[in-house]
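So the structure is just underneath, and the comments pick up after that.
FYI, it's all coordinate maths here, none of it is from the lab. As the structure is a prediction and not an experimental result, all values here were calculated from the model. Quick reminder, even Gly has a Cβ in these numbers, built from the backbone with ideal geometry, and neighbours come from all protein chains shown.
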């Protein structure tokens, strides 16, 4: 229904354009008036669910000019910050936006999947039109560098472990809870508003351990304030060859990749295929752009690109993985 | 005093041009209500991509230094704070403007800001060797005691009307608990709206309570709030003199600011409220406050700027931001290959000194510029109230919307405009309510955090927490002791 209306509108407007062009003759010839390749004709809104200054905002601001560069028509890709509720407000906004390609968003898969499981929200990650995966940010477990615990097994011997968290529905907390559940470790959460406070609690020695993404903690590991005990991925990190992955520490193998954080670009559900293809193409070209790689290098970001179809498949598997640990979440929330 | 060596680097003409441009930019952002330091930095960071790290530091620090001044000008003139940190400036700044002393208030606030900023950065420079120990000395029991100490301010600012003051405070506490609960991270009093997950955001509430409420009463009372009073020509000099007259108060406020700045996790607006409260408590005539006491403006503005020096400390020592603006600054520094953290105190120490020098120079430039602009904007107080009111409402609501582009913020501001109007009409305290709302979340979360890590004993065995507890008790008992003392001396003036 909506689609036919859109086509009718586009037909009408292209007819109008033809008349106008015939009338004045001096109109720019570069404008292609056919319905499918006409996208985009106006600026694209690129929604970020976090405040300026964070990793997601930096990513969005870095890639936006390159998406613009590789789009067929010269329109701007405008980054809009819509912070709050752990990016759920932005996810809801994109979910409800008109699927015309003029609203896209950057998604934190790990965080939002946890939120979707634990709380009542309007967005549904399984229906979002995925355009690309930009990067992969594996989960890690860290302790203070002054901590007596050298391995995860050392913690098992302690009868009361304090885990520094950022809300119980957070992806990192879920990772920790699932790990401790497998190991049979008893723990209490020490809750904070933000990453910096929760890291500082560990550095200060008030909490024993914390979970997070490697990007958010790398600087503290490299500066010698924190020590990594576990790296959640299919193989060990080349820069930290001594840190084990879950399956090497006696944990089930499906935990290796279940909790990784992915940076994705998505659009509202039921985005028409031709528009999706145009956006997907522009994002892919942006990621391959050598100039963009210079910017990434400056920011110490790495890419891990997946196209639209592969991202959709990956999200499905990830959501299934979270579903498997759902009882860990419900148990967590029922505790009190 | 390592930063002194960097000052001459900054006086190269290209850096001076960058500084002036950045300061103007920061001032404009600051004058727009709702937009604060973190927005300024976020907007400027993309521009720094093509610059050298030194130029980037100069640009970011100068713009950031200027933001606060812009915010204090609007707080005083139209009761509309630029940012949550300026909110307490409205308490006495606006009443002063109403009395025709806007020029004096503005010059005092800018002068206190600049000088406070100096002291903050100066102390930062001295504290660098002990930065790490200092940051780690504060934990949850200390946060809790700080919050508790802050709450006693309510008792002081509502003197003579304690019952209504308590109700206002309770109302503020109630509002503080809207959002995500700190124990489990689940919804609480959110009425099914994700807008409330993070709690009521402070800026729209403050804009509603002060700016919109004021605009409403301008309408109803038909008053032209400054027109019948002649603006003294000497206002500017009086303002600067006022800072020196209250120099001890000024210094104390600076220390409070630095102290709060050092502690990540205790919001920046806490500094201005605490120092306001301290000013009221130590004043010989606390009843003046809220009705136009220049001490109130000086205390808030000096703490506000001194705080920035403090909040650089955890940034430099651990790479952990001391405030939201610092978080953005760290992002900007990372893009230039500078890793904030221990290296900034060892291998990159020269850049650190440049950062401090740039902040100091930025403050001088910003101070001069905002002094020139601010004192000329005083004419606003001569505009008739019925003409001003729609203007205030428009600016305030645009500011609310601009902060995060969410129309819900505008609704919150309007609702609190109405609440504030009735608060004012029936003699309830808006200041008490805001103080409780700012501190409520801190008190609650730090209580749970203390219990999870230290248990009850944490409150009573840690020396810093005990000192703060002692100060809290003292500030509750002190007014009674003082009035007893006055009575016994036979002077019998009611406090």
Next on the checklist: Modelling each spin label as a point 7 Å along the Cα-to-Cβ direction, I'd like the residue B:486/residue B:387 distance in nm, to one decimal.
Outcome noted: 4.3
Checklist outcome for this item: Under the rule rounded for a/c under 1.5, else prolate if a/b exceeds b/c, else oblate, using alpha carbon gyration tensor axes a ≥ b ≥ c, region A:256-319 is classed as oblate
Next on the checklist: I'd like the distance between the alpha-carbon centres of region B:59-95 and region B:1-40, rounded to an integer number of Å.
Outcome noted: 16
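Enter the mean number of other protein chain beta carbons within 10 Å of the beta carbon of each residue in A:196-209, as an integer.
Values: counts 12, 8, 1, 4, 10, 6, 0, 5, 7, 3, 9, 3, 0, 0.
So the per-residue partner count for this stretch is 5.
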Checklist entry - How long is region B:244-348 along each principal axis, judged by its Cα atoms, biggest number first, in Å? => result 52, 21, 18
Checklist outcome for this item: Distance in nm between residue B:177 and residue A:41 label points, each 7 Å along Cα→Cβ, equals 5.5
Item to check | Cα gyration tensor shape for region A:139-259, rounded if a/c is under 1.5, else prolate or oblate | outcome: rounded
Item to check | Residue exposure sequence - B:448, B:140 - by fewest surrounding Cβ within 10 Å | outcome: B:448, B:140
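At a 10 angstrom cut-off on C-beta neighbours, averaged per residue, how do the peptides A:108-115, A:76-83 rank from highest to lowest? Please report the intermediate quantities before stating the final value.
Numbers: A:108-115: 24.8, A:76-83: 19.0.
Highest to lowest by the protection proxy: A:108-115, A:76-83.
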Item to check | Overall Cα dimensions of chain A - principal axes, largest extent first, Å | outcome: 83, 41, 31
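Which percentage, to the nearest 5, of the DSSP beta bridges contained in chain A is antiparallel? Could you put the intermediate results ahead of the total?
Values: 21 of 36 bridges.
Close to 60 percent.
Over the residues of region B:74-131, compute the C-alpha Rg and express it relative to 2.2 N^0.38 Å. Write down the numbers at each step before the final one.
Values: Rg = 14.5 Å, N = 58, 2.2 N^0.38 = 10.3 Å.
Expressed relative to 2.2 N^0.38 Å, the Cα Rg reads 1.41.
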Checklist entry - Using alpha carbon centroids, what distance separates region B:146-207 and region B:401-451, in Å? => result 6
Item to check | Centre separation in Å (Cα based) which lies between region A:74-102 and region A:245-301 | outcome: 17
Item to check | FRET efficiency, 1/(1 + (r/R0)^6) with R0 45 Å, evaluated for residue B:28 and residue A:294 via beta carbons | outcome: 0.90
Checklist entry - What is the Rg over Rh value, at two decimals, for region B:372-495, using alpha-carbon atoms and the Kirkwood definition of Rh? => result 1.13
Checklist entry - Between the helical axis of A:290-299 and the dominant principal axis of chain A, each derived from Cα atoms, what acute angle in degrees is found, rounded to the nearest 10? => result 30
Checklist entry - Arranged by the count of other C-beta atoms within 10 angstrom, fewest first, what order do A:223, B:272, B:253, B:450 take? => result A:223, B:450, B:272, B:253
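What is the ratio of the Cα radius of gyration of the protein assembly as shown to 2.2 N^0.38 Å, where N is its residue count, to two decimals? Each step should come with its number before you reach the end.
Working: Rg = 27.6 Å, N = 831, 2.2 N^0.38 = 28.3 Å.
Computed over Cα atoms of the protein assembly as shown, the ratio equals 0.98.
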Checklist entry - Mind ordering B:384-390, A:192-198, B:358-364 by average Cβ neighbours within 10 Å, highest first? => result B:358-364, A:192-198, B:384-390
Next on the checklist: Just to be sure I understand: with springs between alpha-carbon atoms less than 10 Å apart, which residue in A:276, A:119, A:133 has the highest mean-square fluctuation in the Gaussian network model of chain A?
Outcome noted: A:119
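Within 10 Å of each Cβ in peptide A:82-88, how many partner chain Cβ atoms are there on average? Round it to a whole number, please. Let's see the in-between values first.
Working: counts 3, 6, 10, 10, 5, 0, 2.
Mean shielding by partner chains, rounded to a whole number: 5.
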Checklist entry - Which angle between 0 and 90 degrees, to the nearest 10, do you get for helix A:171-183 versus the longest principal axis of chain A when only C-alpha atoms count? => result 40
Checklist outcome for this item: Row for region B:152-213, column shape: gyration tensor on C-alpha, a ≥ b ≥ c, rounded if a/c < 1.5 i.e. under 1.5, prolate if a/b over b/c, else oblate; value oblate
Checklist entry - Using Cα atoms only, what is the angle between the long axis of helix A:2-24 and the major principal axis of chain A, expressed in degrees (0 to 90) to the nearest 10? => result 50
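For the residues B:152, A:173, what sequence is obtained by ranking on other C-beta atoms within 10 Å, fewest first?
Details: B:152 18, A:173 26.
Final ranking by Cβ density, sparse to dense: B:152, A:173.
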Next on the checklist: Averaged over its residues, how many other protein chain Cβ atoms are within 10 Å of peptide B:399-410's Cβ atoms?
Outcome noted: 2
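Determine the percent antiparallel among the DSSP beta bridges restricted to region A:139-259, to the nearest 5. Write down the numbers at each step before the final one.
Working: 9 of 16 bridges.
Bridges in region A:139-259 that DSSP calls antiparallel: roughly 55 percent.
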Next on the checklist: Give me the three principal axis extents of region B:4-486 from the C-alpha atoms, as integers in angstrom, largest value leading.
Outcome noted: 60, 56, 53
